[in-house]
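Data block below; observations after.
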Amino acid sequence: MIDGGQWRNEPAFVAGLVLLGWLYALLAGPLRGRLAPGQPFPRAPAVRFFSALVLFYLAVGSPFGRLAVAFLFSAHMAQELAIMYPVAGLALSGVPFWMADAVLARPALRRPLGCLLHPLVGGALFVLVVTAWHMPRLFEWALEDESMHAVQHVLLFGVSLLFWWPLLSPSRVFPPLRFGGRMIYLFCIEVALTALFTYLLMADHPIYPTYEYAPRIVAGLSAIDDQVLGGILLSAVSSLVMVGFLGWNFFRWSKTDIHPNSPAARR
């Protein structure tokens, strides 16, 4: 088992984050003139994108990440929630439209990406992957195998980008849903995740052996209580995101001119 007080600085993990930051800086800086002549440097989006990379490193590479692997299911759930919502949301909102469309507008990619980025496909993949990774065998495999744990994080981040796409898409080729569509989409995702919420909250025994037999580092927090706390975190934070964005979109929708030819109605 991994020591809970160490920082994680494996070359592959750090190199992956550095590579993402370097590619973004390259596209936003030296290559910007080719991709989008006349566009200014995207200062605010760049802050969001690099904040996402820092938050990802803190969630996975800090001692908290070690705590999540070896001791507390609730810490693991907090780690996952950080990747699913703020990390993925900040990363996507940090990509300017001209950078996204430099890839998405390529003819060979339009059809497969159009299918993948469709709300029904992306939303279904998000729910299926998040749910599947919490099945005991897959979950324990990821805890015991570092390579599988890395795959878990990459897949979780990838499907979280798909979740956010209909809401925060920066692209003009594959734009976000209109306000009404976003609200239906959020409602459906919330309902679809209910099965996982129930599975974690209603179990009358510890589901994951790693946390059942881990040293109890928080006095009074049993394995089953830790599991329920993780389920509460997942359901509460997910519901807060879904309901919060649903309400925010309804508010914005109510403030726009929804005439079919207005710019607001086409967003």
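The values are calculated or read from the model by the stated rules, or taken from the named source; none is laboratory data. Model, not experiment: these values are computed from the prediction. Virtual Cβ from ideal backbone geometry, glycine too; neighbours counted across all protein chains shown.
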Filtering region 205-246 for residues that are under 24 Å from W141 (Cβ atoms) and of a type in the set (D, E) leaves a count of 2
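Are any of the residues in region 134-141 surrounded by 14 or more Cβ atoms within 10 Å (Cβ to Cβ) and either within 17 Å of M242 (Cα to Cα) or among the charged types (D, E, K, R) (or both)?
Of the residues in region 134-141, the ones surrounded by 14 or more Cβ atoms within 10 Å (Cβ to Cβ) are 134, 139-141.
With either within 17 Å of M242 (Cα to Cα) or among the charged types (D, E, K, R) (or both) added as a condition, the list becomes 140.
Among the residues of region 134-141, at least one is surrounded by 14 or more Cβ atoms within 10 Å (Cβ to Cβ) and either within 17 Å of M242 (Cα to Cα) or among the charged types (D, E, K, R) (or both), which makes the answer yes.
Looking at region 59-81, which of the residues that are touching a helix residue (DSSP H, G or I) at 6+ places or on another chain (Cβ under 7 Å) and among the aromatic types (F, W, Y) is surrounded by the fewest Cβ atoms within 10 Å (Cβ to Cβ)? Before you say what the answer is, go through the steps one by one.
Within region 59-81, the subset touching a helix residue (DSSP H, G or I) at 6+ places or on another chain (Cβ under 7 Å) is 59-61, 64-65, 67-69, 72-81.
Those still in the list that are among the aromatic types (F, W, Y) too: 64, 73.
Numbers: F64: 16, F73: 29.
So, considering only residues that are touching a helix residue (DSSP H, G or I) at 6+ places or on another chain (Cβ under 7 Å) and among the aromatic types (F, W, Y), the one surrounded by the fewest Cβ atoms within 10 Å (Cβ to Cβ) is F64.
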Check on L31, surrounded by 14 or more Cβ atoms within 10 Å (Cβ to Cβ), farther than 21 Å from L161 by Cα and either free of Cβ contacts under 8 Å to residues at least 40 places away in the same chain or touching a Ser or Thr at 6+ places or on another chain (Cβ under 7 Å) (or both) | yes
Selection from region 195-227 of residues of a type outside the set (A, V, I, L, M), free of Cβ contacts under 8 Å to residues at least 24 places away in the same chain and part of a helix (DSSP H, G or I) yields T198, E212, D225
> Is region 173-180 home to any residue that is within 26 Å of C115 (Cα to Cα), touching a residue at least 24 places away in the same chain (Cβ under 8 Å) and in a helix (DSSP H, G or I)?
Replying inline: yes
message: Any residue at all in region 234-256 that's assigned to a loop (DSSP other than H, G, I, E, B) and at pLDDT below 85?
response: yes
Considering residues that are at pLDDT 90 or above and either touching an Asp or Glu at 6+ places or on another chain (Cβ under 9 Å) or β-branched (V, I, T) (or both), the number found within region 80-124 is 4
